1. Along Cα→Cβ, 7 Å out, is where each label goes; now give me the distance between the ones at residue 145 and residue 314 in nm to one decimal.
2. Once the Cα atoms of helix 287-303 and of the chain are each reduced to a long axis, what angle between those two axes, in degrees from 0 to 90 to the nearest 10, is obtained?
3. So how much slack lies between residue 99 and residue 66, counting 0.36 nm per residue of separation and subtracting their Cα-Cα distance, in nm?
4. Test of understanding: ordering 259, 165 by Cβ neighbours within 10 Å, fewest first, what list do you get?
5. For the chain, set up a Gaussian network in which alpha carbons nearer than 10 Å are linked by springs, and say which option among 13, 209, 167 fluctuates the most.
6. Subtracting the Cα-Cα distance from 0.36 nm times the residue separation, let me have the gained length for residue 266 to residue 183 in nm, one decimal.
7. Mind grabbing the base-10 log of I(q)/I(0) for the range 181-255 at q = 0.12, 0.16, 0.18, 0.25 Å⁻¹? Debye formula, identical points on the C-alpha positions, no solvent, two decimal places.
8. For the chain, take the longest principal axis of its alpha carbons; what is the angle in degrees between that and the long axis of helix 112-127, to the nearest 10 within 0 to 90?
Ligand SMILES: Nc1ncnc2c1ncn2[C@@H]1O[C@H](COP(=O)(O)OP(=O)(O)O)[C@@H](O)[C@H]1O
Ligand SMILES: [Mg+2]
């Protein structure tokens, strides 16, 4: 082989190597781009898994779902017939083989399998068809046990989450209300949901003191049912009781009396009947649960360290949750405690919004949040 042949041979080898390098470079570039592309499609979800309703917040989109936490199941086949709004309409109206149930009770999972399936349904509905699994932050009441926390984490991971984090509800509510929770400043959050009322004082991103009790919106409905039965000898359904509460319910005497007609069954004749109910009757009907909520607020204030109590006195009490919308409740709390009480802008959405905002910090928060990776999942 001559000298020139050698040169040509080496050139050939370099040429091939250059091509290989070029192809490799292109591949790396494609992978990089692919990752960016994938990240754009990957969704993170924030979930307010409430007793009354489930709200789903998708990162970058806001609240994408808000549905009652009710599921209708055919008992013969174990199939889901309806979830959310549609299932809620069936409550109290189902034939023998169908049951409409709320898988969350008192803020925790009461029916694990149904909760898992319900979450799966909401994940799919919130994200559409995608192969990507979401990272999920779910808020839980502050007083729940380790076992109850684990149940939420497992249900979420089995339902298809890539990774699940938990955040305590009062913290999420405060973030949702726009409070800077990282400051050394006391804030009191009163969250009245369907199943539980949570009263918490938070400062420096943590809960200093809290109390959770199982008297909230649902108990108010039950109180109304009992009152109408006793006073008018009439049986009404829970949905009618809730309508009464929302339309004419009141926790503080109204300046102008309002009325509403309600239909039910006359307990003496067994026949349907309509009765006109007044808002002052509602005041009487709701007295018991409302006074218990007041007592809880008082007891937390009593135990609050003086510095934080002074902060709360300055800034006021913050109310959130659907129950906060009960007419006059903010005024009653203001009057009984002497502390200004404000309802957040969106009491039903604030926890979900806060959970959603926490998604932005999921990488930073990782050490503070309760993480599903630290809990072994048996598949
Ligand atoms: N305008 C209103 N007045 C009084 N109660 C209300 C009103 N709107 C919703 N609620 C009550 O709020 C409760 C649900 O609140 P929500 O924060 O969604 O509960 P959860 O967090 O348990 O899902 C229900 O008991 C519902 O009846
Ligand atoms: Mg809630």
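We did not get these values from a lab; they are worked out from the coordinates using the rules stated. These figures come from a predicted structure and were not determined experimentally. Because the Cβ atoms are built from the backbone with ideal geometry, glycine has one as well, and the counts that use them run over all protein chains shown.
1. 4.1 nm
2. Orientation of helix 287-303: about 60 degrees from the principal axis.
3. In short, 9.7 nm is gained.
4. 259, 165
5. Of 13, 209, 167, the most mobile in the Gaussian network model is 13.
6. Additional length available on full extension: 24.2 nm.
7. -0.49, -0.69, -0.78, -1.07
8. 60 degrees
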